[in-house]
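Heads up, the thing below is written out as structure tokens.
The values are calculated or read from the model by the stated rules, or taken from the named source; none is laboratory data. Note that the structure is predicted; figures quoted are calculated from it, not measured. Every residue, glycine among them, receives a Cβ derived from its backbone with ideal geometry; neighbour counts consider all protein chains shown. Ligands, DNA and RNA are stripped out before the accessible areas are found, and what is left, the full protein with its side chains, is counted by its heavy atoms. Shrake-Rupley method; radii C 1.70, N 1.55, O 1.52, S 1.80 Å.
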Amino acid sequence: MAFTRTFMQLRPIIAALGRHKVATALIVLQVALTLAVASNALFIVSTRIVHLSRPTSTDEAHLFVIRNGWKLGQTAAQIDANIRADLESLRHVAGVRDAFPSQGFPLGGFKDDIILRLKLKPDQKTHGQLVTFFASDGHAIDTLGISLVAGRNFRPDEITVSGPNEKMSPASIIVTRSLADQLFPDGSALGKTVYLPDGPAAIIGILASLQGPLKQSDRLDRYTVLVPTHYLDPAGVVYLVRTDSTAMKPVIAATLKALQERSGVRIIDLKDGIVTMAQVRERAYAEDRSVALLMSILSGLLLLATAGGIVGLSSFWVSQRRRQIGIRRSLGATTGDILRYFHAENFLIVSGGILLGALLAFLANLGLMHVYELPRMPLYVPLLGALLLWLLGQLAVWGPARFAAKVPPVVAIRTE
């Protein structure tokens, strides 16, 4: 009986919608497009928020970076001597806990030389695993504030020197746990030999985690390798410095003063050449934050436009149906009956749009997955979007429905 009563109430609604096919189809299409676009946009926003919230696993609050450029004409031997002298000065500055030289740093780098390919066999035909790397020494782990979960640190005798156009063939490397699990999923990577482009290297240590120089790829950024080498790039070197206190300004000033004692060999941009890790994170993810904010605003505007369309159509239909509403009122329909009629009508329209929109949302997600590094959209995302649109539709139709409920029965007599 309850089903029959509900069906009988739906019959006049469906018949009325059938007389307004174009207007109904337009609202259904608007709801569908809103769900498809807003679901994917807000899903992308959520992935961006997760992305830019990732920790680098370093002691960011105590780290700063010095981009040190070399003056032209210096030989590799002179650059090596400069780096060693600079490190000696930096490590003796009051407030400095440790420092090391590299060609890059988490979320950024000085040069494009930050990617390697690791192979498991010397004669491996495939390209090998892409990884990012940091030129390091025995001070890198303490400077970054990271920890080993297995193995040991580099010994002083394992630190080599290399340049942009020279072979980099260290006897040992340290890798992150995520990379170790990727390379050797069936056993421990510690002590295993992998092959760099210039030769074999043994994995002597495994890090808990470390953000690489890249920021775009969630997966590749965790496949990080420490290579025991001083990178003698004629363009410059990056010094990573860890302080004992979060009040870094006096320590930064002291390190600059220490380096300026040998200012004839270097160039440091005082505006952008020294940045804290907090500033590095701010700059690295500035674009992600802007995109997330813009897509959130556009999704909100799209939802408001859909609500406006529902209000406009409902108001138009109320004005067109004043005589029918008056007839129903004269036959005993209550204010609640009229309200339920328009809310039910809106629910049917929005539901039709949601069914179509859910399909479009998943198709759009599949298309985006082929273009961008996006995961598959979970089912709960369009479901939440559907709940929001149902609620928005009911709120949007409430005003016109209240107006319709106030139509007096006498309108049935006055209106021809």
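Check the range 128-137 and report whether any residue there is at positive phi and touching a Ser or Thr at 6+ places or on another chain (Cβ under 9 Å). Looking through the range 128-137, none of the residues is at positive phi and touching a Ser or Thr at 6+ places or on another chain (Cβ under 9 Å).
Scanning the range 147-193 for residues that are among the β-branched types (Val, Ile, Thr), out of contact with any helix residue (DSSP H, G or I) (no Cβ under 9 Å at 6 or more places or on another chain) and under 16 Å from residue 117 (Cβ atoms) returns 173, 193.
Each residue in the range 198-219 was checked for being modelled with pLDDT of 90 or more and open to solvent by 20 Å² or more (accessible area, probe 1.4 Å), and 5 pass.
Selection of first residues in the range 249-260 that are of a type in the set (S, T, N, Q) and of second residues that are in a helix (DSSP H, G or I) and buried (at least 18 other Cβ atoms within 10 Å of the Cβ), restricted to Cβ pairs under 8 Å at least 6 apart or on distinct chains, gives the following pairs, ordered by first then second residue: 255/90. Candidates are the residues of the range 353-371 that are within 18 Å of the chain's Cα centre (by Cα) and in contact (Cβ under 8 Å) with a residue 60 or more places away in the chain; the one that is surrounded by the most Cβ atoms within 10 Å (Cβ to Cβ) is 365.
Look at the range 235-246 and say how many of its residues are open to solvent by 60 Å² or more (accessible area, probe 1.4 Å) and either in a helix (DSSP H, G or I) or out of contact with any strand residue (DSSP E or B) (no Cβ under 6 Å at 6 or more places or on another chain) (or both).
Restricting attention to the range 235-246, the residues satisfying the condition of being open to solvent by 60 Å² or more (accessible area, probe 1.4 Å) are 244, 246.
Keeping just the survivors that are either in a helix (DSSP H, G or I) or out of contact with any strand residue (DSSP E or B) (no Cβ under 6 Å at 6 or more places or on another chain) (or both) gives 246.
Within the range 235-246, residues that are open to solvent by 60 Å² or more (accessible area, probe 1.4 Å) and either in a helix (DSSP H, G or I) or out of contact with any strand residue (DSSP E or B) (no Cβ under 6 Å at 6 or more places or on another chain) (or both) number 1.
Of everything in the range 53-88 that's buried (at least 18 other Cβ atoms within 10 Å of the Cβ) and in a helix (DSSP H, G or I), which residue is nearest to the chain's Cα centre (by Cα)? Step through it out loud before you land on a result.
Restricting attention to the range 53-88, the residues satisfying the condition of being buried (at least 18 other Cβ atoms within 10 Å of the Cβ) are 56-58, 60, 62-68, 70, 79, 82-83, 86-87.
If we keep only those that are in a helix (DSSP H, G or I) as well, we get 60, 62, 79, 82-83, 86-87.
On the way: 60: 19, 62: 24, 79: 38, 82: 39, 83: 36, 86: 37, 87: 35 Å.
My answer is 60.
Being over 30 Å from residue 351 (Cβ atoms), under 27 Å from the mean Cα position of the chain (by Cα) and in contact (Cβ under 8 Å) with a residue 12 or more places away in the chain is not true of residue 139.
Which residues, counting only those in the range 160-197, are within 14 Å of residue 228 (Cα to Cα) and open to solvent by less than 60 Å² (accessible area, probe 1.4 Å)?
Pass one, the range 160-197, residues within 14 Å of residue 228 (Cα to Cα): 160-163, 167-175, 196.
Scanning the range 160-197 gives 160, 162, 163, 168, 170, 172, 173, 174, 175, 196.
Scanning the range 220-234 turns up no residue that is open to solvent by 60 Å² or more (accessible area, probe 1.4 Å) and among the charged types (D, E, K, R).
Matching residues to (1) basic (Lys, Arg); (2) in contact with a strand residue (DSSP E or B) (Cβ under 7 Å, 6 or more places away or on another chain); (3) not in a loop (DSSP other than H, G, I, E, B):
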{"position": "122", "(1), (2), (3)": "no, yes, no"}
{"position": "127", "(1), (2), (3)": "no, yes, no"}
{"position": "133", "(1), (2), (3)": "no, yes, yes"}
{"position": "143", "(1), (2), (3)": "no, yes, yes"}
{"position": "153", "(1), (2), (3)": "no, yes, no"}
{"position": "164", "(1), (2), (3)": "no, no, no"}
{"position": "168", "(1), (2), (3)": "no, yes, no"}
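Among residues of the range 64-82 that are more than 27 Å from residue 245 (Cα to Cα), those with a Cβ under 9 angstrom from a residue that is open to solvent by 70 Å² or more (accessible area, probe 1.4 Å) and among the polar types (S, T, N, Q), sequence gap 6+ or separate chain, pair up as 70/78. Looking only at the range 247-269, which residues are surrounded by fewer than 18 Cβ atoms within 10 Å (Cβ to Cβ), within 24 Å of residue 134 (Cα to Cα) and of a type outside the set (A, V, I, L, M)? Within the range 247-269, 269 is the sole residue that qualifies.
Restricted to the range 170-194, and to residues there that are of a type in the set (D, E, K, R) and part of a helix (DSSP H, G or I), the residue that is nearest to residue 120 (Cα to Cα) is 181.
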